[in-house]
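J.: Sharing a structure below in structure tokens format, with a few things to ask.
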Amino acid sequence: MTRQHGRDLDTSRAHSARMYDYFLGGKDHFDVDREAALLAAEAHPGLPVTARENRAFMHRATRVLAQEHGIRQWLDIGTGIPTEPNLHQIAQSVAADTRVVYADNDPLVLKYAERLMRSTAQGQTAYVEADVTDPDTLIDAVKDAEVLDFDRPVALSLNALMHFVTAPHDPYAIVRRLLDALPPGSALAMNHCTPDFDPERWNNVAKAYTEAGTPVQFRSHSDVARFFDGLDLIAPGICCCHRWRPTTPPDGTEPEDADISLLAGIGIKP
């Protein structure tokens, strides 16, 4: 595995990747992250379930792209602190020669990347520290890693990321720039938080994140669909992530859409 070194840890304010680690029951976060996560959980105590469903969607989406669409390369941006099974482990369980580049802007992710992201002998993984709000620099860093072949399809994975990119950064232009760098047959797999199902609850969650120093902008179904403009959506289209190609829970139960409020979809670049 290859990686790039970056800046020092900033523990003065919460970071979404470390808050996510807290919600998943991990240990790689700081007091400031735990405190921010607890404030967000006051608005919605079910956030750990949301985090688990986000992770489960990534697993299913990765398998579908590998098994049904023959994707053998991934660019996963906003990967977060490594939590097994990681995306490359899912993809390489289908095709051992899969190549994956992870990117995140939290130096704590870099700290654990080499220890946890182990590739098969046939495949390859890399980690780059980069910020999605600077897509040109991010793409250059990915190319410098010399892992992905940009002449072959690449799956762009943006799970629970773009709601942290607020309007001033023009999130739609960012996604278009990233997709423009990828050849036909590539895919966009993403989920995105929405207030549609319970506006009061999720606006309170957004307020808690923003006041903790991590601004968010949750978007409606129509606004999330804009990220997929020009792509061919695969079934079942854009829906709450736990309803996207679901596997039946052992006890037969499933959460309510308002509890999860993550819209998910996969689009293929023609």
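Where a number appears in this text, it was derived from the coordinates with a stated rule and is not lab data. The structure displayed is predicted, hence computed values, not measured ones. For neighbour counting, all protein chains shown are included, and Cβ atoms are generated from backbone atoms with ideal geometry for every residue, glycine included.
J.: I'd like the antiparallel share, as a percent to the nearest 5, of DSSP beta bridges with both residues in the chain. Could you put the intermediate results ahead of the total?
T.: Details: 11 of 32 bridges.
Here the antiparallel bridges make up roughly 35 percent for the chain.
J.: Report, by chain and number, residues whose modeled amide H sits under 5 Å from the one on GLN73, excluding near sequence neighbours (fewer than 5 apart, same chain).
T.: The list, which skips near neighbours in sequence, is ARG99, ALA155.
J.: Enumerate the amide H contacts of ARG118 below 5 Å, restricted to partners 5 or more residues apart or on another chain; note that Pro and chain-start residues carry no placed amide H.
T.: Residues meeting the amide H criterion: none.
J.: Additional query: Over every pair of different alpha-carbon atoms in the chain, take the mean of 1/r and invert it; report that Kirkwood radius in Å. All intermediate terms of the calculation are to be shown ahead of the outcome.
T.: Values: mean 1/r = 0.0540 Å⁻¹.
Taking the inverse mean of 1/r over all distinct Cα pairs, the chain comes out at 18.5 Å.
J.: I've got another one for you. Only Lys, Arg, Asp and Glu count, each charged at its Cβ (+1, +1, -1, -1), so figure out the dipole size of the chain about its Cα centre, rounded to 20 debye.
T.: Charge dipole of the chain: 560 debye, to the nearest 20.
J.: Restricting things to Cα coordinates, could you compute the convex hull volume per residue of region 156-202 in Å³?
T.: Per residue, the Cα convex hull of region 156-202 comes to 82 Å³.
J.: Tell me, rounded to the nearest percent, the portion of alpha carbon pairs in region 110-191 spaced more than 14 Å apart.
T.: 69
J.: Along each of its three principal axes, how wide is the spread of alpha-carbon positions in region 129-244, in whole angstrom units, largest first?
T.: 45, 34, 21
J.: Tell me which residues come under 5 Å, amide H to amide H, from ASN159 once H is placed; ignore anything under 5 positions away on its chain.
T.: ILE77, ASN191
J.: Another question about this same structure. At a Förster radius of 30 Å, what calculated FRET efficiency corresponds to the Cβ-Cβ distance of ARG201 and ARG177, to the nearest 0.05?
T.: E between ARG201 and ARG177, to the nearest 0.05, is 0.35.
J.: Picking from ASP136, ASP21, ASP170, which is most flexible by a Gaussian network model of the chain using Cα springs under 10 Å?
T.: ASP170
J.: I've got another one for you. Within the chain, which is the longest segment containing none of the GluC sites (Glu not before Pro) that sit in a DSSP loop and have at most 16 other Cβ atoms within 10 Å?
T.: Details: sites that count: GLU146, GLU256.
In short, 1-145.
J.: So what are the radius of gyration and Dmax for the Cα set of region 33-189, in Å?
T.: Considering region 33-189 through its Cα atoms, Rg and Dmax are 15.5, 47 Å.
J.: Per-residue HN-Hα couplings for region 123-139, Karplus 6.51 cos²θ - 1.76 cosθ + 1.60 at θ = phi - 60°, whole Hz, x for Gly and Pro?
T.: These are the phi-based 3J(HN,Hα) values: x, 7, 10, 8, 10, 10, 8, 7, 10, 4, 6, 10, x, 5, 5, 4, 4 Hz.
J.: Still on this model: When only alpha-carbon atoms are used, what values of Rg and Dmax, in angstrom, describe region 188-235?
T.: Gyration radius and largest Cα-Cα distance of region 188-235: 12.8, 37 Å.
J.: While we're looking at this one, here's another question. How high is the relative contact order of the chain, in percent, with contacts defined as C-alpha pairs under 8 Å that are six or more residues apart?
T.: With pairs under 8 Å counted, the relative contact order is 21 percent.
J.: Grab the other residues whose beta carbon is less than 15 angstrom from that of GLN92, score K and R as +1, D and E as -1, and report the net.
T.: +1
J.: Further question: Would you list which lysines come within 24 Å of LYS269, measuring only between C-alpha atoms, while excluding same-chain residues fewer than 8 positions from it?
T.: Filter leaves LYS143.
J.: Gap in Å between the Cα centre of region 122-159 and the Cα centre of region 195-236?
T.: Here the two parts' Cα centres lie 24 Å apart.
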